[in-house]
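Computed from the coordinates by the stated procedures, all read-outs in this text should not be read as laboratory data. Being a predicted model, the structure only gives us computed values, none of them experimental. Cβ atoms come from the backbone with ideal geometry, glycine included; neighbour counts cover every protein chain shown.
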Amino acid sequence: TIAENAPIIPVSAQQGINTDKLLEELVKLEIPKKDLKSEPIFLVARSFDINKPGTTIDKLKGGVFGGILKKGKLTVGQQIEIKPGLNIKKPHGEMSYQTLVTKILSLYKGKESVKEVTPGASISIETALDPFLTKADSLTGCVVSTKGNLPEISYKIKIKSNLFKEVLGAKEHLKVEPIKTREMLMLSINTTISVGTVEKISDDEIELVLNIPVIVLKEDQVGIARNIDGHWRLIG
């Protein structure tokens, strides 16, 4: 892993032991460069309605997203697109997704109101969306960008697998068995979680059909979990 050769420093903050050594190592870390030139990619970790019951119409706030900006810039007044978007239930249990287009009304870094945001720190976006659409994390897992920049939603995905030697989170030391066709796996992609069925395996590549569609961005990291004794456990 990336922590394979990381130094291990015994520390006691209460006793003030080795805190100076910890700081020495922290300042050696290279700060990743921000990509400000690409189109923005914002990952929605939370979505909510911040209006209190009884708020009058003239004081209503638009739907709010909380999450992380991976690259690019977002500015107040900018038009944005949200995918997969609104989940629409049809007769006979069928579902479809409607892309949402709206405008940024305000931006916050923590409690500070700003006109523009760049990658780094947690960000809140107030939009012109009806807050009913964003309440109770209903749009969590969506991706936000400028209109026309995001790829189409996908119910099929191909990933390169790198399985762990042992299952993470299990009480016992369990060896990770090879993935099999028709097996159901849970995938964590950015802030999206979807369950998929393995359709095809070729060397270290796996093709899955997903229950919930995702926005696939190249070089995204994917967490793979398997259902073991009724619990999803990370295997790769």
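Tabulated results
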quantity	calculated
Amide N of the range 205-236 lying under 14 Å from the label point, which is placed 7 angstrom from the Cα of Glu177 along Cα→Cβ	226-230
Sorted by Cβ neighbour density within 10 Å, fewest at the top, the residues Phe42, Phe48, Phe132, Phe164	Phe132, Phe164, Phe48, Phe42
Proxy reagent accessibility, fewest Cβ within 10 Å first, across Leu208, Leu36, Leu105, Leu29	Leu29, Leu36, Leu105, Leu208
Karplus-derived HN-Hα couplings along the range 216-226 (A = 6.51, B = -1.76, C = 1.60, θ = phi - 60°), whole Hz, x at Gly and Pro	8, 10, 4, 6, 5, 7, 10, x, 10, 10, 10
Over 28 Å between alpha carbons, listed pairs Lys73/Lys165; Lys59/Lys103; Lys103/Lys135; Lys28/Lys111; Lys90/Lys135	Lys73/Lys165; Lys28/Lys111
Local electrostatic count, Tyr97, Cβ distance below 14 Å [Lys/Arg +1, Asp/Glu -1]	0
Residue exposure sequence - Asp204, Asp49 - by fewest surrounding Cβ within 10 Å	Asp204, Asp49
Built amide H within the under 5 Å cut-off of Gln78, gap 5+	Ile104
log10 of Debye I(q)/I(0), alpha-carbon scatterers only, for the range 1-94 at 0.17, 0.24 Å⁻¹	-0.97, -1.26
Cβ charges +1 (Lys, Arg) and -1 (Asp, Glu), total dipole of the chain, debye	560 debye
Loop trypsin sites (Lys or Arg not before Pro), the range 83-123, which have at most 14 other Cβ atoms in a 10 Å radius of their Cβ (DSSP)	Lys111, Lys115
Net charge over other residues, Cβ less than 13 angstrom from the Cβ of Lys171 (K, R count +1; D, E count -1)	-2
Formal net charge of residues neighbouring Glu81 (Cβ-Cβ distance under 14 Å; K, R +1; D, E -1)	+1
Percentage relative contact order, the range 154-234, counting C-alpha pairs under 8 Å, at least six apart	35 percent
At q = 0.13, 0.20 Å⁻¹, base-10 log of I(q)/I(0) for the range 24-159 (Debye sum, equal scatterers on each alpha carbon)	-0.61, -1.21
Computed magnitude of the charge dipole of the range 169-214 (debye, nearest 20; Cβ of K, R +1, Cβ of D, E -1)	220 debye
Relative pair counts by distance (%), Cα atoms of the range 154-234, 5 Å bins	3, 15, 28, 27, 18, 8, 2, 0
Helical contribution to [θ] at 222 nm, DSSP H n ≥ 4, -39,500 (n - 2.57), averaged over the chain, rounded to 500	-1000 deg cm²/dmol
Cα pair count fraction exceeding 23 Å, expressed as % - the chain	61 percent
Taking the chain and dividing mean pair separation by its residue count, relative contact order in percent (alpha carbons under 8 Å, at least six apart)	17 percent
